[in-house]
1. How far is helix 112-130 tilted off the main Cα axis of the chain, in degrees rounded to 10, range 0 to 90?
2. How do the peptides 151-157, 38-44 rank, highest first, by the average count of neighbouring beta carbon atoms within 10 Å per residue?
3. I need the Debye-formula profile for segment 1-128: one equal scatterer per C-alpha, no solvent, reported as log10 I(q)/I(0) at q = 0.12, 0.13, 0.14 1/Å, two decimals.
4. What angle, in degrees between 0 and 90 and rounded to the nearest 10, separates the Cα long axis of helix 79-105 from the longest principal axis of the Cα atoms of the chain?
5. May I ask you to order 96-106, 18-28, 45-55 by the average number of other C-beta atoms within 10 Å around their residues, highest value first?
6. Just the number, please: Stokes-Einstein D of segment 84-141 in µm²/s, Kirkwood Rh from C-alpha pairs, 37 °C, 0.692 mPa s.
7. What's the center-to-center distance, using Cα atoms, between segment 94-147 and segment 151-209 in Å?
8. Using the 10 angstrom Cβ neighbour count as an exposure proxy, how do 171, 178 rank, fewest first?
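What follows draws every value from the coordinates through simple rules; no lab data is involved. These numbers come from a predicted model, not from an experiment. So basically every Cβ, Gly included, is an ideal-geometry build from the backbone, and we count neighbours across all protein chains shown.
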């Protein structure tokens, strides 16, 4: 577990922030907002314990996955970075959700959605920085039939995905402060969908080019 100290710190921050918020909140709280930042569902404060619980379960799964990976694909030296990026990304998402919660309860002048948009921007930036380092595996990264079949497709796709995610994260953060939160959130989701479609296409294209070269040489 020493190799995962950074990830464990992210989990502790997630649990610490969540438990602090839990004891500050009334029993009935807003738990979901629409694109206009208006509350469309109320529920129990206990629902907010789900995020750190999910982060903890995902952490344990990712820590032990290299030991049971059936294909033993790739180099795993950078795997702790992936685990850390995941746990810290989920921490920022939880922080954004809790910001929205407190902004709603305190009738803050700042939109509750602003915290969510900022959290999404940070999440994309974190994942984008680490995606190019992801070893070929079955559970994390751009897992298409072509990236799993071709090491070259995996590497080129993840380098591209890294740049695109960083770009989406940067644009999302900028929009969070210059555009209405609903517009920023919609634009962020739209850009993420476009980036996802593009990297899936690139994974196929690289695999196809590699196969064509192999057919010509043989």
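1. Relative to the chain, helix 112-130 is tipped by roughly 20 degrees.
2. 151-157, 38-44
3. -0.51, -0.59, -0.66
4. With rounding to tens, the tilt is 30 degrees.
5. 96-106, 45-55, 18-28
6. 264 µm²/s
7. Segment 94-147 and segment 151-209 have Cα centres spaced 13 Å from each other.
8. Going from sparsest to densest Cβ surroundings: 178, 171.
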